[in-house]
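Chemist: My questions all concern the structure below.
The values are calculated or read from the model by the stated rules, or taken from the named source; none is laboratory data. The structure displayed is predicted, hence computed values, not measured ones. Heads up, the Cβs are rebuilt from the backbone with ideal geometry, glycines too, and the neighbour counts pull from every protein chain shown.
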């Protein structure tokens, strides 16, 4: 059940309309009047649409739906909902009402599945361009954490900012992940001090799904989204897993274990406990430069969440999570207990303690709509050193929001409004300098959705936030979706976004160099506008779905913090934008089920990203000019065997100038085009999944990622000019063990907020 009721596409009053109810048997079937199910539970939020068309809706809180139809073409109705078997039902020419009993996944009954659910898909209904990554898609790779969750799809790129810390960053629409808003269950998460290493704080096996929205996001999510919005849904306490265990190991002796265990305490309360542990204690140095290819890492996490439903009008979720992580890297002979000086080996150490707590709930007000509240608190403490540089920081973050939503006139009109408060307290110490900053941002917002028919949706929103440092921030957002034909969807979006930069926390790689940090002026808030258009075409050659998705987005910065590594290879200059900065990103993606069990994904993206650096408009460094992706996924009958092969072709990227360095410390100005191949094979048994795979099977790596590795305390040392992988082939194996619930009758909603 979502915190905010999803409003289905309504077509009341139309002549050609199908009405119905989606439910699930709990005790058995008895005779009843149409629409009445005394021993059955309705299923709110189920997706209902006609095969081969864009006529779709979502069931209401009572499981009912209204769906306009063309009686000449709309003859197969598809119903899907997380935790239940996807169903395809034939609809006769004059039929105007139907009742459908969905079966849960773990029922031991014979069932014929006419259509396979896609593991990753673009929503047909959402006016925002949103790509959904399901649990099955995540299981196509090892998916140790959020950063590794995008390997088998073309939604997000992953990069490494330096050669010693092991940090992983993402890129969306050609720009760094800090310009995307990353949330967990629509609560702010990876931001502030977590920007550098936070992608590893979300274990892949804990995730139920990921939604990646490109371009301007909804104003209800805040003002910080510029290039897009990434939302992670954790597994819910009442999902279909009673117990889950994942064990993982690779040939470099990295070990990982994850588990989650859930239980229904009574008819209203359910809870789930998550655990995660990983250890990388084996040193590797493939290129022999005396620096470890990846840091030694220990990470431990516990997460406990609770869910309450009174099955009438109130829903509540609570949770608390704790994390401890320790990273140690640098030269092979470095030891943490050694004194840090120029006579001992160079090393880094990063110790992080992080706590998260959240509470969110909803009150359903019947015809008056719904009222939701969301609260989260994060404490983050990091103690670190990079050679002789010391960086210690702590952050206290609070976010709260109250949201009201209502629909009227047969749900053709929907209003969402609310207020929010964000408080950030930062306390940072860099060597002998202290930086204390408090940001308080109260705000209000309103959003209007217009759905006059199943073909057209208009979403327009505005929010106003008062920043205690940067003043008033006005954020307009607009989305337009129109079904040009039954199989062709057009979306247009435009909007504005802001973000307050965190110079050191977001750019830790600066500390892993001997460069002098020169901040020329006080940073402004970063401000940009994003515009985009995309088309999705669905075709059915040979009776199998073919989807073609084309998109173009442009991001224009009015204010931006420039990290200048070109002016002087011995310095890093930080200043505000004085000139132009923009990103153009175009992508074409094709998905097709070649034959039963074999899915093909082809994608190509072109990035043209420039910014004014030292008064010159230049290509932004470390952004690949293009990206190609080929994914082949094959599953045998009943998914007994699954095979996945993914090929990434990475285009050239500009590297900051090093011409002023001595010849031996100079680097090329452009990276080469290179290919990465990943593969995995999974064998499914009754309760066990056994998988084996390999990443970077071409063995490609950047041979010289550390400049002046032989003199790390000298003036030319720099480990930040990384444009490709620094490790070679990784071979891994693992197993998953799952105990499913029996006679489960309560299930999570796929888009829960």
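Chemist: Taking into account only those residues within the range 664-697 that are assigned to a loop (DSSP other than H, G, I, E, B) and exposed (fewer than 15 other Cβ atoms within 10 Å of the Cβ), which is nearest to the chain's Cα centre (by Cα)?
Modeler: Among those residues, the one meeting the criterion is 673.
Chemist: Looking at the range 190-230 only, could you name the residues that are over 22 Å from residue 477 (Cα atoms) and in a loop (DSSP other than H, G, I, E, B)?
Modeler: Result: 190, 196, 197, 201, 202.
Chemist: Mind counting the residues in the range 416-434 that are free of Cβ contacts under 8 Å to residues at least 40 places away in the same chain and part of a strand (DSSP E or B)?
Modeler: 9
Chemist: Does any residue of the range 461-481 turn out to be in contact (Cβ under 8 Å) with a residue 60 or more places away in the chain and over 22 Å from residue 529 (Cβ atoms)?
Modeler: No, every residue in the range 461-481 fails to be in contact (Cβ under 8 Å) with a residue 60 or more places away in the chain and over 22 Å from residue 529 (Cβ atoms).
Chemist: State which residue pairs qualify: first residue touching a residue at least 40 places away in the same chain (Cβ under 8 Å) and inside the range 622-638, second residue part of a loop (DSSP other than H, G, I, E, B) and crowded, with 20+ Cβ neighbours inside 10 Å in any location, beta carbons under 6 Å apart, and separation of 6 or more residues or different chains.
Modeler: 622/653; 622/723; 623/174; 623/653; 624/653; 629/154; 631/152
Chemist: Enumerate the pairs (first residue in the range 578-606 and outside the structural domain of residue 548 (by TED's automatic domain parsing); second residue anywhere and in a loop (DSSP other than H, G, I, E, B) and surrounded by fewer than 20 Cβ atoms within 10 Å (Cβ to Cβ)) with beta-carbon separation below 9 Å, excluding pairs fewer than 6 apart on the same chain, so at least 6 apart or on different chains.
Modeler: Matching pairs, first to second residue: none at all.
Chemist: Turning to a different aspect of this structure: Provide a single number: the residues in the range 694-707 that are closer than 20 Å to residue 334 by Cβ and touching a strand residue (DSSP E or B) at 6+ places or on another chain (Cβ under 7 Å).
Modeler: The qualifying residues number 2.
Chemist: Still on this structure, please answer the following. Here are some residues: 445, 450, 480. Which one is surrounded by fewer than 16 Cβ atoms within 10 Å (Cβ to Cβ) and assigned by TED's automatic domain parsing to the domain that holds residue 389?
Modeler: 450
Chemist: While we're here: Looking at (1) under 30 Å from residue 245 (Cα atoms); (2) buried (at least 18 other Cβ atoms within 10 Å of the Cβ); (3) out of contact with any helix residue (DSSP H, G or I) (no Cβ under 9 Å at 6 or more places or on another chain), can you tell me which one residue 655 breaks?
Modeler: Going through (1) under 30 Å from residue 245 (Cα atoms); (2) buried (at least 18 other Cβ atoms within 10 Å of the Cβ); (3) out of contact with any helix residue (DSSP H, G or I) (no Cβ under 9 Å at 6 or more places or on another chain) one by one, residue 655 breaks only (1).
Chemist: A follow-up question, please. Just the residues that are surrounded by fewer than 24 Cβ atoms within 10 Å (Cβ to Cβ) and within 23 Å of residue 256 (Cα to Cα), please, taken from the range 205-231.
Modeler: Of everything in the range 205-231, those that are surrounded by fewer than 24 Cβ atoms within 10 Å (Cβ to Cβ) and within 23 Å of residue 256 (Cα to Cα) turn out to be 207, 208, 209.
Chemist: Just to verify a result, which residue in the range 258-268, among those that are farther than 13 Å from residue 304 by Cα and crowded, with 16+ Cβ neighbours inside 10 Å, is modelled with the lowest pLDDT?
Modeler: 264
Conditions (1) surrounded by 20 or more Cβ atoms within 10 Å (Cβ to Cβ); (2) at pLDDT below 95; (3) farther than 30 Å from residue 484 by Cα, marked per residue:
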{"position": "498", "(1), (2), (3)": "yes, no, yes"}
{"position": "515", "(1), (2), (3)": "yes, yes, yes"}
{"position": "526", "(1), (2), (3)": "yes, no, yes"}
{"position": "530", "(1), (2), (3)": "yes, no, no"}
{"position": "557", "(1), (2), (3)": "yes, no, yes"}
{"position": "560", "(1), (2), (3)": "yes, no, yes"}
{"position": "567", "(1), (2), (3)": "no, yes, yes"}
